[in-house]
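Structure, as structure tokens:
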Amino acid sequence: MPDYYAHSKNQNQVRQGLLEHLRAVADAACSFAAPFSATELAYYAGIWHDIGKFHPDFQAYLLRAEAEPEKKQRGPDHKAAGVRLALEQRVDPLMLALQGHHGGLHNLTDMKRWFNEKRGATEEAIAVARMLIPDLVPRTLLGFPPYTKNERSTEFFLRMLFSTLVDADFLDTENHFAVEAAAQRGTDSSIDELWRRFEANQELRLRTAEDTPVNRIRAEIYRACLDAAVLPPGFFRLPVPTGGGKTISGMAFGLRHAQLHGLQRIIVAVPYLTITQQTTGVYRGIFDGADDLHSPVLEHHSAAGESKADEDEYDTGEIWRRLAAENWDAPIIVTTTVQLFESMFANSTSRCRKLHRLAGSVIVLDEAQTLPIHLLDPILDGLQELCTNYGASVVLSTATQPAYEAVPIFNRVQAREIVPDPARYFAALKRVNYDWRLDAPLSWSAVAEMLRAETQVLCVVNTKQSALDLLTALDDPNALHLSTLLCGAHRTQVIAEVKRRLRAGEPCRLVTTQVVEAGVDLDFPVVMRALAPLDSIIQAAGRANREGRLERGRVIVFQPEEGKLPGKDYERATIITRKVLGMGFTDLDDPAVTREYFAQLYAVNETDRKQVQDARKGLDYPETAKRFRMIEDDTLSVVAPFGNEDDRTQVEALWQAVEGRWGNMRQVMRQLQPYTVSVYRYQAQKYEQKGWIQMSAVLPDLGYWLGRYDSVCGLVAGDMRADNLIF
């Protein structure tokens, strides 16, 4: 019997045996599927996924590719043989996972058409597999778990099963081709160890905290979260007023809850990149130990490195792209809601590979009110699946709790309150007075004049263009700007400078978009807010008198004369805000006001506008991914050479590592994250023609900024403003 190989020679000139690969993938997939009782299906998916490689044509291709490495060669199909066994076992949906383990999930119609074209070459490979693998097929027919009782639950189960296969396959392939990269995965820290670190850190914090009313309330909320951690896994609400310490308290609940119930990780999803950087910094300050080989806290939000190609061979470029995609193998994940939910409804291998990590995890949705209304049906449906059938707990954490009960699909679970009687904390933490200036619209010149009258003031506007226009009207070289036009490293620098000025009592005027409203810990005596959705106004108010050092901070809400609102949903929510305020609901510290606002908001909005649920029912994974877009516009990441000379030198070296495929690509991508800015693809193409951006030949969703990067406005220097980069 000849030798059969799964992969060609690695850097040590060693080929990987096919039987070795199949067993390793099956065992890993089986382990990944244990939290949702799908071990047998996952095991056979792993055994079957590459049995087409037993065909002599595929073995000849591997040897030919080794002999002629300079030639780009596509191997013969190796997926249809496993698909045929799934068909014989009468588990048709499993055929989708096997067919898609390189190119992504398709739909049943396209898959069956593809299989009819490929099935003729499967018999020889299956015959060899039967001789070499005694347990190639189970003794009884496979079946899906009983909780897959309708089309959507089956659709969700299949993508979770697909995730176990894809991740197991990628990891074993990585272990063969890139042993050093594989060794850098994972962490030495257990949930028990992280809880001990966290508990010690917080005991010290509570003992040494200044005795103020705000800190006493934060301590009460923290202890309430620990008390609630004993509750069985499921859906939870954590309604904490702004400044109530929910970043720490949410982690306290999640970590203790995971420890008590044997859950595997805590995933914190936030709406803005600004918060991922800040939140990650807070957690790493608590959890990172001197003896850790790797940080137990993984920050993941960049889509750079995702591969959309249907690659059947393992060329070097494809290996590197796959290594750049995270699989969330860490006990604490900080990510964005876009990354979380677009992955949850994706069909590509690189995005789906992490999904099985959601099972048996605590998922904390920070600022849950920011979830897009037009996608609430699939989002809430998916979260309920995770809680009901996959052993997860979901925490909705926000000061402005959305009234999801008004959405009909949110009916299978009862969300429990982590903090008892939360309304009393909102009353106790009332720290601002609202000044409504809505009768007459104000020009940017008038708003600028109001800013000049204050020594320390934050002004939040609705778009990046409005922020730039207000900065121009203000004409203050010492004013600061914060928006997503700035790369992460730049935003971090601005926030640090703002905090320094506030502490020192120096003049500080900050013009920003809504990125500052959620999770950015700033404490101004005065906040000005352009009229916006009610929850945005409340979040902006949370940056006024945050620490309660004043009797009352001031929040001035005004109607701008100029500038557009960012989208129809935002505009509709702003109109409802005016309506609610006109009904006399002006005490924004009363949770009843936000309940009324969200009830009206959901009543006039479609919660499945793109009919994502219909595509899911038809097991149409490409169409589901196409319809489920939290960010409608097609964007890519651009690396900005920001900082001093040493910083720019480092960025340029990292870019060269990307283009040259040098070193550990995953590590390179993490190092580049603080220097990336999202740019609409059509604009990036325009700037590439002008020579401002150099697009990567290795990663199609990554570019390098060759033009100027303004120290105040970020990617809007010079004549770039005229191109409306900021819209």
Please work out if Ala168 is small (Gly, Ala, Ser) and at pLDDT below 90.
no
Tell me whether region 670-691 contains one or more residues that are surrounded by fewer than 15 Cβ atoms within 10 Å (Cβ to Cβ), over 19 Å from the mean Cα position of the chain (by Cα) and among the hydroxyl-bearing types (Ser, Thr, Tyr).
yes
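Looking only at residues that are surrounded by fewer than 17 Cβ atoms within 10 Å (Cβ to Cβ) and in contact (Cβ under 8 Å) with a residue 12 or more places away in the chain in region 410-427, which one is farthest from Phe524 (Cα to Cα)?
Taking region 410-427 first, the residues surrounded by fewer than 17 Cβ atoms within 10 Å (Cβ to Cβ) are 411-414, 416-417, 420-421, 423-424, 427.
Retained after the next criterion (residues that are in contact (Cβ under 8 Å) with a residue 12 or more places away in the chain): 412-414, 416-417, 420, 423, 427.
Numbers: Arg412: 42, Val413: 40, Gln414: 38, Arg416: 34, Glu417: 31, Pro420: 30, Ala423: 24, Ala427: 20 Å.
Once the filter is applied, the top-ranked residue is Arg412.
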If I ask for residues that are assigned to a strand (DSSP E or B) and hydrophobic (A, V, I, L, M, F, W, C), which ones from region 489-520 would you list?
Cys508, Leu510, Val511
Among Arg554, Arg529, the single one that is out of contact with any helix residue (DSSP H, G or I) (no Cβ under 9 Å at 6 or more places or on another chain), basic (Lys, Arg) and closer than 25 Å to Val240 by Cα is Arg554
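Residues are listed down the side, and each one gets a yes or a no for (1) closer than 26 Å to Leu442 by Cα; (2) of a type in the set (Val, Ile, Thr); (3) in contact with a helix residue (DSSP H, G or I) (Cβ under 6 Å, 6 or more places away or on another chain); (4) open to solvent by less than 10 Å² (accessible area, probe 1.4 Å):
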site	(1), (2), (3), (4)
Arg503	no, no, no, no
Leu510	yes, no, yes, yes
Asp521	no, no, no, no
Pro525	yes, no, no, no
Arg549	no, no, no, no
Which one of the conditions (1) at pLDDT 95 or above; (2) within 18 Å of Tyr43 (Cβ to Cβ) does Trp195 fail to meet, given that it meets all the rest?
(2)
Using the structure shown, decide if Ile319 is modelled with pLDDT of 55 or more and either farther than 30 Å from Leu255 by Cα or not polar (S, T, N, Q) (or both).
no
Can you pull out the residues in region 1-40 that are open to solvent by 50 Å² or more (accessible area, probe 1.4 Å), modelled with pLDDT under 95 and of a type in the set (A, V, I, L, M)?
Met1, Val14
For Cys459, work out the one condition from (1) under 18 Å from Cys713 (Cβ atoms); (2) at pLDDT below 95; (3) assigned to a strand (DSSP E or B) it doesn't fulfil.
(2)
Quick one: in region 533-549, of everything that is modelled with pLDDT under 90 and more than 26 Å from the chain's Cα centre (by Cα), which residue is farthest from Thr400 (Cα to Cα)?
Arg549
Qualifying positions in region 521-564 - in contact (Cβ under 8 Å) with a residue 60 or more places away in the chain, among the hydrophobic types (A, V, I, L, M, F, W, C) and not in a strand (DSSP E or B):
Leu522, Leu531, Ala532, Leu534, Ile538, Ala540, Ala541, Leu550
If we only count helices (runs of 4 or more DSSP H) wholly inside region 576-665, which ones have 2 or more residues that are open to solvent by less than 60 Å² (accessible area, probe 1.4 Å) and more than 26 Å from Gly714 (Cα to Cα)?
591-603, 612-617, 621-627
Mind checking which residues of region 618-673 are farther than 23 Å from His300 by Cβ, modelled with pLDDT of 90 or more and of a type in the set (Gly, Ala, Ser)?
Gly618
Determine the pairs where a residue that is closer than 19 Å to Lys354 by Cβ, located within region 264-275, has a partner that is of a type in the set (Gly, Ala, Ser) and part of a strand (DSSP E or B) with Cβ atoms under 8 Å apart, the partner being 6 or more residues away or on another chain.
Gln264/Ser361; Arg265/Ser361; Ile266/Ser361; Ile267/Ser361
So for region 562-569 (the condition being in contact with a Ser or Thr (Cβ under 7 Å, 6 or more places away or on another chain) and charged (D, E, K, R)), does at least one residue qualify?
yes
Selection status of Ile726, modelled with pLDDT of 80 or more, of a type in the set (Val, Ile, Thr) and surrounded by 18 or more Cβ atoms within 10 Å (Cβ to Cβ)
no
Are any residues in region 372-398 assigned to a loop (DSSP other than H, G, I, E, B) and open to solvent by 10 Å² or more (accessible area, probe 1.4 Å), and if so, which ones?
Pro372, Gly391
Restricting attention to region 415-432, the residues that are in a loop (DSSP other than H, G, I, E, B) and under 17 Å from Arg552 (Cβ atoms) number exactly 3
Identify the single condition in (1) more than 17 Å from the chain's Cα centre (by Cα); (2) at pLDDT below 85 that Ser302 does not satisfy, given that it satisfies every other one.
(1)
Pairs, please: C-beta under 8 Å, at least 6 apart or cross-chain, first residue on the phi > 0 side of the Ramachandran plot and in region 610-622, second among the aliphatic types (A, V, I, L, M) and surrounded by 19 or more Cβ atoms within 10 Å (Cβ to Cβ)?
Leu619/Leu96; Leu619/Leu158
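Take Asp92 and tell me if it is surrounded by fewer than 17 Cβ atoms within 10 Å (Cβ to Cβ) and either over 25 Å from Asp27 (Cα atoms) or in contact with a Leu (Cβ under 9 Å, 6 or more places away or on another chain) (or both). Talk me through it step by step, then tell me what you get.
Values: surrounded by fewer than 17 Cβ atoms within 10 Å (Cβ to Cβ): yes; either over 25 Å from Asp27 (Cα atoms) or in contact with a Leu (Cβ under 9 Å, 6 or more places away or on another chain) (or both): yes.
In short, yes.
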Within region 433-449, does at least one residue satisfy the condition of being open to solvent by less than 10 Å² (accessible area, probe 1.4 Å), in contact with a helix residue (DSSP H, G or I) (Cβ under 8 Å, 6 or more places away or on another chain) and not in a helix (DSSP H, G or I)?
no
For region 41-89, which positions are basic (Lys, Arg) and surrounded by fewer than 24 Cβ atoms within 10 Å (Cβ to Cβ)?
Arg64, Lys71, Lys72, Arg74, Arg84
Residues satisfying the stated conditions in region 273-293, i.e. open to solvent by 40 Å² or more (accessible area, probe 1.4 Å), farther than 20 Å from Ser397 by Cβ and modelled with pLDDT under 80
Ala290, Asp291, Leu293
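The values are calculated or read from the model by the stated rules, or taken from the named source; none is laboratory data. Computed from a predicted structure; not experimentally measured. FYI the Cβ positions are ideal-geometry reconstructions off the backbone, even for glycines, and counts take in every protein chain you see. Heavy atoms of the whole protein, side chains included, go into the accessibility calculation; ligands, DNA and RNA do not. Shrake-Rupley method; radii C 1.70, N 1.55, O 1.52, S 1.80 Å.
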